[in-house]
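Working notes, structure below.
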Amino acid sequence: MITLPTETIGSIPRSEKLMQAQRQFDSGLIDAVTMDTFYDEAVQLTIRELEATGSPIITDGEQRKTHSFATYSVEGGENFAPDGLEIPFNDGHVRRLPRLIAGPFRFTLSAADTLAAARQYTQRPMKQAIISVSALSLFYPSDTIVGYTREEFLDDLVNEQEKEIRNCFAAGAQIVQIDFTEGRLAIKLDPSGSLLNGFIDLNNRVLARFTAEERQRIGIHTCPGADHDSTHSADVDYAELLPSLFELKAGNFYISMAAEKDPDRALRIIARYLKPEQRAYIGVIDVNDPRIETPADVCKRVLEAARHIPLAQLGTTDDCGFSPFCDDISTSRETAFAKIRARMEGTMMAAEKLTLQQDAMDG
């Protein structure tokens, strides 16, 4: 029987109860100890609901990442200003990154800490999503910070992420997933490809510090953004990103695909550049589409991917996290879990069909 691995990307929509508590905490109405009880309750509930979908590997739904998947590591940092790089989305809304104003750069929160807090609530394998060093590199301003050069910043940044990944493994992570959602955006910001190449090189500086065996437990996630059912770079030709993507020295790649206008073309590119030691988890759930896919929809997408990608290197996932920013209420928790169940059932359905096809060929 053919088995196809399947994994959730990371974020699950927060409940209104948790979002209300976060607003109260931000306003100074409740203290950190009280806020932690809300986080703890949200993590436990999310893990139970993910287990109920049959997911073979569990995340904490990023419930403890206070405001977003991108900025959790510097929340509360005193050497940041709020007026950093603006990232416009196609529906007109904008997310703004913080701006580093002084060195040294240090994480205020490690994803290893959130993993350690969640690990006690499940016996299943866990994965931990972290933000990429290339995304964090955008915190440094265009002008040099007096007394703290960009090169010094990047050295600190690479050191901090190496430590975060190692600590995630030590805290029990089976897989560490690096969120590289800025890959496609880099081409939009710099069509020459220079920025993308710099991002690839920077991430590889981190990955080079791990053994080949360790890199098999590290993955890279790419998507064109998912926030309020909108994207920031879906208009960028995937062909401009995919060949470079597989130059990253990681073992697993989580690749948005369900929302692509021409998935067959993108899958052919993936098949061409995917290296023998790499696995491609293909997105079969469009997280920006309010419609809940059926298992048959998912099965069809998996079978399309299997036409191009060797089964030993194929897996399934969602296109992106469901609510990477904590205030995104465009997708309900009920919809998110229904979509995850559809992925689980559709992936199994496809595995059964592929097994029958293989048996027929072998017989």
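Data for the structure
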{"read-out": "Filter result (in contact with a Ser or Thr (Cβ under 7 Å, 6 or more places away or on another chain), of a type outside the set (A, V, I, L, M, F, W, C) and modelled with pLDDT of 90 or more) within segment 83-109", "value": "PRO98, THR108"}
{"read-out": "Residues of segment 215-231 satisfying the condition of being out of contact with any Cys (no Cβ under 6 Å at 6 or more places or on another chain) and modelled with pLDDT of 90 or more", "value": "ARG215, GLN216, ARG217, ILE218, GLY219, ILE220, HIS221, THR222"}
{"read-out": "Matching option when the condition is surrounded by fewer than 20 Cβ atoms within 10 Å (Cβ to Cβ), among the polar types (S, T, N, Q) and in contact (Cβ under 8 Å) with a residue 12 or more places away in the chain, among GLN313, GLN357, GLN278", "value": "GLN313"}
{"read-out": "Residues located in segment 72-88, provided they are part of a loop (DSSP other than H, G, I, E, B), within 19 Å of LEU138 (Cβ to Cβ) and either in contact (Cβ under 8 Å) with a residue 60 or more places away in the chain or of a type in the set (Asp, Glu) (or both)", "value": "GLU75, ASP83"}
{"read-out": "Unique match (being under 22 Å from GLU7 (Cβ atoms) and surrounded by fewer than 16 Cβ atoms within 10 Å (Cβ to Cβ)) among ALA212, ALA135, ALA171, ALA208", "value": "ALA212"}
{"read-out": "Helices (runs of 4 or more DSSP H) contained in segment 93-200 and holding at least 2 residues touching a residue at least 12 places away in the same chain (Cβ under 8 Å) and small (Gly, Ala, Ser)", "value": "111-119, 133-136, 182-189"}
{"read-out": "Residues within segment 316-363 that are closer than 21 Å to ASP289 by Cα, among the small types (Gly, Ala, Ser) and either modelled with pLDDT of 95 or more or touching a strand residue (DSSP E or B) at 6+ places or on another chain (Cβ under 7 Å) (or both), tallied", "value": "4"}
{"read-out": "Subset tally (residues that are out of contact with any Gly (no Cβ under 9 Å at 6 or more places or on another chain) and of a type in the set (Asp, Glu)) for segment 295-333", "value": "3"}
{"read-out": "Conditions (1) in contact (Cβ under 8 Å) with a residue 40 or more places away in the chain; (2) under 15 Å from THR8 (Cα atoms): number failed by ASP327", "value": "(2)"}
{"read-out": "Filtered residues of segment 201-229 (kept if closer than 26 Å to THR316 by Cβ, among the hydrophobic types (A, V, I, L, M, F, W, C) and part of a helix (DSSP H, G or I))", "value": "LEU207, ALA212"}
{"read-out": "Hits in segment 196-205 (condition: buried (at least 19 other Cβ atoms within 10 Å of the Cβ) and either more than 27 Å from GLN174 (Cβ to Cβ) or touching a Gly at 6+ places or on another chain (Cβ under 7 Å) (or both))", "value": "LEU196, PHE199"}
{"read-out": "Subset tally (residues that are in a loop (DSSP other than H, G, I, E, B) and surrounded by 13 or more Cβ atoms within 10 Å (Cβ to Cβ)) for segment 4-41", "value": "11"}
{"read-out": "Verdict on SER142 being surrounded by 19 or more Cβ atoms within 10 Å (Cβ to Cβ) and out of contact with any strand residue (DSSP E or B) (no Cβ under 8 Å at 6 or more places or on another chain)", "value": "no"}
{"read-out": "Scan of segment 288-310 for residues that are touching an Asp or Glu at 6+ places or on another chain (Cβ under 6 Å) and surrounded by fewer than 19 Cβ atoms within 10 Å (Cβ to Cβ), ordered by number", "value": "PRO295"}
{"read-out": "Unmet requirement for GLU247, which otherwise passes all of (1) touching a Phe, Trp or Tyr at 6+ places or on another chain (Cβ under 8 Å); (2) in a loop (DSSP other than H, G, I, E, B); (3) surrounded by fewer than 24 Cβ atoms within 10 Å (Cβ to Cβ)", "value": "(1)"}
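The values are calculated or read from the model by the stated rules, or taken from the named source; none is laboratory data. Remember, it's a predicted structure, so these values are computed and weren't measured experimentally. A quick note on method: Cβ atoms are made from the backbone with ideal geometry, for glycine too, and the neighbour counts reach across all protein chains shown.
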